[in-house]
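What follows is a single structure, written as structure tokens, with notes after it.
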Amino acid sequence: MPAIGSVVSTPQGPARVLAVLPGSQDEAGQKVARVLTTPLTDQGAKNTQGKELSQAEQQKLKELKDTDRAVRTEERRHAAVAGAYGGTPQYQYVQGPDGKLYAVAGKVEVGVPHGVSPEQAERAHKAIAAAAVSVSTPSSADFSAAAQAGKLAAEAYGKATDPNRRGNLLDFSF
């Protein structure tokens, strides 16, 4: 199933498992855990050992909080515009210097129910395309999802049973 979402780079380093993402699967179809990591360095607010966070850690923490807020807002927007054709937002997390998890990437699964009429499929694909580019700064993945959904909407339009149908209008020309 295609996904609408964005990946935001983080200022963090190597990865380690922190959380299981719902729906994540490996090539064999097994559920997998996706986790990113943050090196917990220096000191400064409070880290997991109760020490003050350093200036650099405080800056990383601010960036993580800003990223978390942006990712969650964007994924909620995708889900809202996709409506019945979108799922619940799913997130990837990084552990901050304070030991808390912050969303740094997200996606919303989208799809069209099987067995719908071409007209319903066209409507669904148009909604998915709109959801993909509904955010203030769509990513390349968003544009790709919108293009794919637009193509599928055009294919569904071509299969419509009413030859006079043109979008939401009827063509009465003879």
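Taking other Cβ within 10 Å of each residue's Cβ, how do 144, 136 sort, fewest first?
Numbers: 144 14, 136 8.
Ranking 144, 136 by Cβ neighbours within 10 Å, fewest first, gives 136, 144.
Based on other C-beta atoms within 10 Å, arrange 81, 133, 108, 71 from fewest to most.
Numbers: 81 20, 133 17, 108 26, 71 23.
Ordered by Cβ neighbours within 10 Å, fewest first: 133, 81, 71, 108.
Taking neighbour counts of Cβ atoms within 10 Å as a proxy for exposure, in what order, fewest first, do 64, 101 appear?
101, 64
Would you mind giving the three semi-axes, in whole Å and largest first, of the ellipsoid equivalent to region 102-156 according to its Cα gyration tensor?
23, 12, 8
Starting from 0.36 nm per residue, how many nanometres of slack lie between residue 119 and residue 52 once their C-alpha separation is accounted for? Could the numbers behind the result be given before it?
Numbers: separation 67, 0.36 × 67 = 24.12 nm, distance 5.97 nm.
Net length gain for the segment: 18.1 nm.
Between residue 139 and residues 5 or more places away or on another chain, which pairs have amide H atoms under 5 Å apart, with H built 1.01 Å from N, and which residues are they?
Answer set, sorted by chain and number: none.
Computed from the coordinates by the stated procedures, all read-outs in this text should not be read as laboratory data. Remember, it's a predicted structure, so these values are computed and weren't measured experimentally. Glycine gets a Cβ as well: all are built from the backbone with ideal geometry, and neighbour counts include every protein chain shown.
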